[in-house]
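Values in this text are rule-based calculations from the coordinates and carry no lab data. What you see is a predicted model, and the numbers here were worked out from it, not measured in a lab. Quick reminder, even Gly has a Cβ in these numbers, built from the backbone with ideal geometry, and neighbours come from all protein chains shown.
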Amino acid sequence: MKGYNKQAVLPALVLGLLVGLVACSETRITGANSKIAVGPRLGIPHDAFDFGLSPQISNISHVFQLYSVGTDTVRILDIQPG
Amino acid sequence: MDKDIIPPGDSAGIEVVFNTFRYEGPIVKHPLIITNAEPVDGDFYLEISSHVLFFPDSAYPLVISPFRLDLSDLNNPLTDSLVFEIKNVSPLWVHLEIVEFPQELVALSLPAFIRPGRSAGGVVRLTESGVGQVFEKSMTIELRDENHTRYTIPLKRTLL
């Protein structure tokens, strides 16, 4: 093949193939342009909360919502205080 | 945490409780949540922050009194309520909005606004399900000012 450098083209082809495989393994097209991530995946709309002003010696609390947005069950394995 | 397994398409709530102890000033905490989720968000940090007041009476622009609400004496959702005072110590009108409160346990009523230098009352009642429970929760309100100033008021019920 004139004008092609085999040594440059081959790695590029392999790299492109790998990228394609990774992309296919991470999403599944379910129709109507929607994609669901394969495996256990989390969606967290808000990961921070500001209580603002609060008094000492009190317990104050907030509920964070976690969404399972993949195809497998998400398991909460541990929670460590900050 | 209401459950530790979340099936696909489902959701779960993680309740983060912050004990203000004798902290004073701005505090930020980052609890770590460890999960089996892929690829990089399996383990993630949440962030909670607060400005803990040593002298709640010196809060600005509102002074809330009492700044901790004990609902132990409330027993009848129809007749019993706890009124707390909200004083606007600023020279500006203050508009209030509710950010969060435990709706399954209490009903909350707040004034929409408070004129400069005036006071108004907030009212907390127990719901039917709240009457039968012991709890420590909180409610957060936000002012419609340029800083979006927030106040979080602890709610406690220790006696049935």
Discussion item. Quick one: the Cα spread of segment B:14-94 along its three principal axes, in angstroms, biggest first?
Written reply: 50, 37, 28
Discussion item. Under 5 Å between amide hydrogens, which residues at least 5 positions from B:Gly42 or on another chain qualify, with H placed 1.01 Å from N in the peptide plane?
Written reply: none
Worksheet item: In peptide B:44-54, what is the residue-averaged number of other protein chain Cβ atoms found within 10 Å of each Cβ?
Response: 6
Practice prompt. List the equivalent ellipsoid semi-axes of segment B:1-52 in whole Å, largest first, each obtained as the square root of 5λ for an eigenvalue λ of the Cα gyration tensor.
Written response: 28, 13, 8
Practice prompt. Report, as an integer, the average count of C-beta atoms from other chains found within 10 Å of each Cβ along B:15-22.
Written response: 6
Worksheet item: Expressed as a fraction of 2.2 N^0.38 Å, the rule-of-thumb size for a compact globular protein of N residues, what is the C-alpha radius of gyration of segment B:64-160?
Response: 1.10
Fill in: Peptides ranked, highest mean first, by Cβ atoms within 10 Å: ranges B:72-85, B:46-59
B:46-59, B:72-85
